[in-house]
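Here is the structure we will look at.
Only the coordinates and a few stated rules stand behind these numbers; no lab work does. All values reported here derive from a predicted model rather than from experimental measurement. Don't worry about glycine lacking a Cβ; one is built from the backbone with ideal geometry, like all the others, and counts go over all protein chains shown.
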Amino acid sequence: MMPHVLTRSLDRSATIFLAVVAAVGILIPLSNLLLPAGSMFQVPTYLVALFGKYVCYAILALSIDLIWGYCGILSLGHGAFFALGGYAMGMYLMRQIGSRGVYGNPILPDFMVFLNYPELPWYWYGFDTFWFAAVMVLLVPGLLAFCFGWLAFRSRVTGVYLSIITQAMTYALLLAFFRNDFGFGGNNGLTDFKDILGFNVQADGTRAALFLLSCLALIIAFLICRAVVTSKLGKVLIAVRDAESRTRFLGYRVESYKLFVFTLSACMAGVAGALYVPQVGIINPGEFAPGNSIEAVIWVAVGGRGTLIGAALGAVVVNYAKTVFTSGPLAPYWLFMLGALFILVTLLLPKGIIGTFNAWWEPWKAQRIAANAESAALEDGVSVSKPNPAE
Amino acid sequence: MFANVLDRFRALVLSLLLIAAVASPALAGPFEDAIGKFANDEFSDTDEAIGAVATSGNPLAFAIISALQDGRLMADPDSKKVYVTQPDGKIIDAATGAAVEKLPDGAAAVRLNNRLRRSVEAALGGLTLLSPDPAKRIQAAQSVFKTHDEAMLPLVDEALKKETVNAAKLAFTEARAAILLFKPDATDGEKLEAIATIKARGDQEAMALLTGLTGDQPAAIASAAANAKAAIQRSLALWSMVQNAWYGLSLGSVLLLAAIGLAITFGVMGVINMAHGEMVMIGAYVTFVVQETIRTSFPHLFDYSLLMAVPLAFIVAGLIGILIERSIIRFLYGRPLETLLATWGLSLVLQQAVRTMFGPTNREVGNPSWMSGAFELGQVTITYNRLWILCFTLAVFAILLAMLRYTALGLEMRAVTQNRRMAASMGIATSRVDALTFGLGSGIAGIAGVALSQIDNVSPNLGQSYIIDSFMVVVFGGVGNLWGTLVGAFTLGIANKFLEPVAGAVLGKIAILVLIILFIQKRPRGLFALKGRAVEA
């Protein structure tokens, strides 16, 4: 069954995409670790971490594209799921610090000692084991998305209303995580990580491995998304996107489909957050800011909504531009550019980079195939029937 | 009048007689006698002198006693003369008030010990009870109410007799009641009356006073005190409700002001304008520029700065709004999610533009004199700026409502909203109406900025802090319904302020957000949804 799903879901561009990601995922760590420092082809460690960040953003963008591009759910709160996954990983990393913290408390993280916590809050139990944290990375965002979606989709909150309440959700979480007595480090968040699974998070090898893992996660996430959108389920999702009421009248339980894909997407965002935290070295409530979630949506819009590859590409392109511009003399103008990007992409490039490319490429390809077929047919002396429009 | 003169004459004759009889060189009358005692350098004499001076009613008494407190009362043991060094360095004779060139060589400050310091304080309290300024008298009476010192009773009685101002009279009556309540030899009748007076006062201090009453009271008084305490508790709870309701109204008016423009652009036109908050911010910056111009060129007009800023902010924000509609939003009608993203981008651009022009820090916008200060209503303090903002908000709301109902533009707006194609067929220039509607919504946001500049920091981030709240208000109240926005804003404001004391400011806000999210599940189209037959609105 699975191989069949895989072959069906992989067209040529998807294969190219996966090959590129795999190549990047292998070559960059190798070049970082094997080549001598200063060599022309050696990728410095800080770049490995930076690219790792982009890959995590690409996973987040994929998760948004899955629901926005294929199901028409514009979530302005996906940053919340990303941050929750990140916090789950951050909690594990905090517990790994052990007695090496500033206050040397073997159980309580530094900020808890500082804030006079008598003991570990109950929701921190279990985070000293990796597998528990890994389960939580999926479970916490998934559960929140499930509850939220169950309420929202059942009562048919759609369109901009849904967007606004997802934004309210992440805003509420932002306010909550800023509180010191919430037990997640308040304003400062979680940082000063030391080890992950016994390896030093700062070490080159660990960073390279994390980068490889991120690329692997991107590949898996992409395959899952492809599998979903090319399946029968995916067809229903697209139907929901284009004509929700009609789909409902045809007898589909629209809310169940939406709930499934929303929860899946939240879990993916959580994984992206979990991979993001050890590479960046900090997680704080700022990740919940509504602006972050909206920015993630624009990555998808830039790359091309409903193309998956475009989402990942958009995340990398926009973030690379952000890195370049915010670190150079153009820094004060970055927000102008980001704002203009929002406006211009929606006005002039509604299909995004990949969508526009496809719109230009597909007719040309079809024309060429048709021309080939025609010339072949002429040679055979057989008239060509028109292609069946249903295909 | 005549009797008064006669009195004085009699006093004069008497003092003359006394002078003749005692043949003392300079001292005459109880006041002068008392002053002389300061020079004896004996604590017991000083104490007597304090009491005598305090009750003498002499206009110099206050100056003398306060000089004593500060160590500025100088006594010459040789001549038995006493001088007051005033804070500005001038020296006067304590007995006559005449200016003196310099102190005699032997003069030294009159010494105090702790017991005397207490009598000095009590005497000062008593003296301010007789101060010519009613506000000072009331303040003194309040402090007597708190200390309920038995020794003050005669002074309070005297002050009460003389008092003509009603508020001061009440304060004295309450102070007297407090003293009587704690006076061991007061009759039960007096005490019951005192309890009734204190109960009528009914604030936190009355409560504290009654709580301080010791247990060994007669049963009648103890039960009266308990009843009074319960009554005060009820009234305090009531007042704190009123206080919360006022804060809620105030917050609600701010929310309404911020949301009212959005109710036009989002509610009536269906355009998700994420740059709405930036229109508010632009209005606030217009206020800043107006005030800056006035400060540098026409300082005497400062009190009118807001009146000038309101129309200017409306015009500036409205024009920017029309520009936005013509250049961006009109291409995106019918694509709400894209509109959302484009306007979000626009908000980033506007923020950054303002940041570049005015700098990233807070700019100072002042309150005109008629908006600063506060007054008391019962036990609730009401600040003028909050009150004005409430009135202003309601006025803006009323004008907007009237405009939509009674003007030609309002009619066209409603027509286009309800059925665009039919309106176009009837000859309405729909795209012009779109632009004007959006301009109106933006202009109102600009006006909101003028008002919000009075209570919030004017910074490039001003708008962002209101955008989510504004959307919540509009969605909660029901899209396309201005009354819904009004009810939504005040409901959210009051609910927030009633939750705050229970849950704390941040948790209260989170609770409100969660409640709205749950509420939208229940009523996806808000409190006052427009009734329609469309499957998908």
Cβ-Cβ cut-off under 13 Å around B:Phe331, Lys and Arg +1, Asp and Glu -1: the net charge is 0
Between the Cα axis of helix B:166-182 and the main Cα principal axis of chain B, the angle (0 to 90°, nearest 10) is 60 degrees
Given unit charges at Cβ for Lys, Arg (+) and Asp, Glu (-), the dipole magnitude of the protein assembly as shown about its Cα centre in debye, nearest 20, is 3840 debye
Percent relative contact order for the stretch B:155-243, counting Cα pairs under 8 Å at least six residues apart, stands at 24 percent
Under the rule rounded for a/c under 1.5, else prolate if a/b exceeds b/c, else oblate, using alpha carbon gyration tensor axes a ≥ b ≥ c, the stretch B:338-401 is classed as oblate
The FRET efficiency for B:Phe358 and A:Ala340, from their Cβ-Cβ distance with R0 = 22 Å and rounded to 0.05, is 0.60
The set of residues whose placed amide H lies less than 5 Å from the amide H of B:Tyr83, leaving out same-chain residues fewer than 5 positions away, is B:Met74, B:Ala75, B:Asp76, B:Ala94
Rounded to the angstrom and largest first, Cα extents along the principal axes for the protein assembly as shown equal 155, 76, 64
Here the relative contact order (percent) of chain B, from C-alpha pairs under 8 Å and at least 6 apart, is 15 percent
Given pairs A:Lys235/A:Lys365; B:Lys162/B:Lys229; B:Lys169/B:Lys191; A:Lys53/A:Lys365; A:Lys322/A:Lys365; A:Lys258/A:Lys365 and cut-off 26 Å on Cα-Cα distance, the over-length ones are B:Lys162/B:Lys229; A:Lys53/A:Lys365; A:Lys322/A:Lys365; A:Lys258/A:Lys365
With R₀ set to 56 angstrom, the calculated FRET efficiency between the beta-carbons of A:Phe130 and A:Trp360, to the nearest 0.05, is 0.75
Once both label points are put 7 Å beyond Cα along the C-beta direction, the B:Phe43-B:Ala219 separation in nm becomes 4.7 nm
With +1 at each Lys and Arg Cβ and -1 at each Asp and Glu Cβ, the charge dipole magnitude of the stretch A:207-316 around its Cα centre, to the nearest 20 debye, comes out at 440 debye
Under 16 Å by backbone N from the virtual spin label 7 Å along Cα-to-Cβ at A:Asn180, the residues of the stretch A:110-124 are A:110-119
When B:Ile320, B:Ile64 are ranked with the fewest other C-beta atoms within 10 Å first, the list becomes B:Ile320, B:Ile64
In whole angstrom, the spacing between the Cα centers of the stretch A:99-124 and the stretch B:393-424 equals 60 Å
A:Lys322 and A:Ala377 label points (each 7 Å along its Cα→Cβ direction) are spaced in nm at 5.1 nm
Between the modelled labels at B:Ser327 and B:Ala424 (7 Å from Cα along Cα→Cβ) the distance in nm is 2.5 nm
In whole angstrom, the spacing between the Cα centers of the stretch B:164-234 and the stretch B:114-142 equals 21 Å
Taking the convex hull of the alpha-carbon atoms of the stretch A:312-375 and averaging its shadow over every direction gives an area in square nanometres of 5.7 nm²
Filtering chain A for DSSP H helices with an axial alpha carbon extent of at least 30 Å and a Kyte-Doolittle mean of at least -0.5 returns A:12-34, A:45-71, A:130-154, A:204-230, A:254-280, A:352-380
Sorted by chain and number, the residues with a modelled amide H under 5 Å from that of B:Val100, at a separation of 5 or more or across chains, are B:Ile91, B:Ile92, B:Asp93
